[in-house]
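Before any comments, here is the structure.
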Amino acid sequence: MEMKKNPVRWEHLTREEIRAYSQQGAIVLVPLGSIEQHGPHLPVGTDALLATYVCEKTAEELNRRGKPCLVSPAITVGNATHHMSFPGSMTLKPQTYLAMLQDYCESLAAHGFRKIVIVNGHGGNVAPTQTALININEALGFPVYFTGYDKGDSQAEPDILETQAHMDHACESETSMILALDEGFVDPIYKETKGSMSFGHKMEDEGIFSTFHRMEAHTENGVMGNAYAATAEKGKKILEREIQGMADILMDDSLWGRKV
């Protein structure tokens, strides 16, 4: 099998190439995913695959614009306790996750990088990452930013999806994007797959109350949304808009050099 060097991938570079990026004041994008079930049709690495793809394409676009940027090795296992009843899922304990993320960011900073953005692909990572950033930013003395790969263009999904207003889980959106990457990743059963989008109580659905549930409390088949409505063309359009939007945001130099 042939593998080609990607000049924006940290693990593909020599130490001197990484030193050069650091000396140029490069942005480092950290793809953050999860290994968890995505229904009967999507790979368990969906979140990491999408976060990594968006990071790589965003970095390539920024370098084309003259803004040095590279992509760290992806953090593929995150907080997925709620998926552990389904085969293939993996998770880190919250305390392990917090410590790992701090070690990761401190390693990047040790080589002179001061522009670090964690780019998330999994909703279950949001709360623990925001918690981790309290200690990370205090330790480093500069802000490490946190965002989602879908934050580059908040209107992309509402504009393109036909049965959903936003991404949920193994749904029209995620299935479309994975189809756009490679249709071989997706089992054809997606064409007849859908799942409940409700949290199971009005107060939770309306965002008034929140709590922790395992996935089976929401949906028996592990899907939230309408996978059957997915197409590769929708996925391509969504990804293109998210990548361009994220690159536009990261061109803003006012993000950097701020105090914690």
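The values are calculated or read from the model by the stated rules, or taken from the named source; none is laboratory data. Note that this is a predicted model, so its numbers are computed, not measured. Here Cβ is always computed from backbone atoms with ideal geometry, including for glycine, and neighbour counts include all displayed protein chains. Surface areas here come from the heavy atoms of the whole protein model, side chains and all, with no ligands, DNA or RNA. Shrake-Rupley method; radii C 1.70, N 1.55, O 1.52, S 1.80 Å.
Got a number for residues in region 213-232 being under 16 Å from C171 (Cβ atoms), assigned to a helix (DSSP H, G or I) and open to solvent by less than 90 Å² (accessible area, probe 1.4 Å)?
4
If you scan region 1-42, which residues turn out to be crowded, with 19+ Cβ neighbours inside 10 Å, of a type outside the set (A, V, I, L, M) and assigned to a loop (DSSP other than H, G, I, E, B)?
G33, S34, E36, Q37, G39, H41
Which one of S254, S210 is without any contact (Cβ under 8 Å) to a residue 40 or more places away in the chain, within 30 Å of I134 (Cβ to Cβ), open to solvent by 50 Å² or more (accessible area, probe 1.4 Å) and outside any loop (DSSP other than H, G, I, E, B)?
Result of the check over S254, S210: S254.
Pairs please, first residue from region 141-159 and under 19 Å from L29 (Cα atoms), second anywhere and hydrophobic (A, V, I, L, M, F, W, C) and assigned to a loop (DSSP other than H, G, I, E, B), Cβ atoms under 7 Å, 6+ apart in sequence or on different chains.
That search, which allows pairs on different chains as well, returns G141/V260; F142/V260; P143/V260; D150/M167.
Could you tell me which numbered condition Y149 fails, if it satisfies all but one of (1) of a type in the set (S, T, Y); (2) more than 19 Å from the chain's Cα centre (by Cα); (3) closer than 14 Å to L50 by Cβ?
(2)
Kindly check whether there is at least one residue in region 57-79 that is buried (at least 17 other Cβ atoms within 10 Å of the Cβ) and on the phi > 0 side of the Ramachandran plot.
no
Which condition breaks for Q37 when tested against (1) more than 15 Å from V119 (Cα to Cα); (2) touching a strand residue (DSSP E or B) at 6+ places or on another chain (Cβ under 9 Å)?
With (1) more than 15 Å from V119 (Cα to Cα); (2) touching a strand residue (DSSP E or B) at 6+ places or on another chain (Cβ under 9 Å) applied to Q37, the lone miss is (2).
Filter region 188-207 down to the residues that are more than 10 Å from A227 (Cβ to Cβ) and open to solvent by less than 80 Å² (accessible area, probe 1.4 Å), then identify the one that is modelled with the highest pLDDT.
That would be S196.
Considering (1) β-branched (V, I, T); (2) closer than 13 Å to P31 by Cα; (3) in a loop (DSSP other than H, G, I, E, B), say which one T91 fails and leave the rest.
The one condition T91 does not meet is (2).
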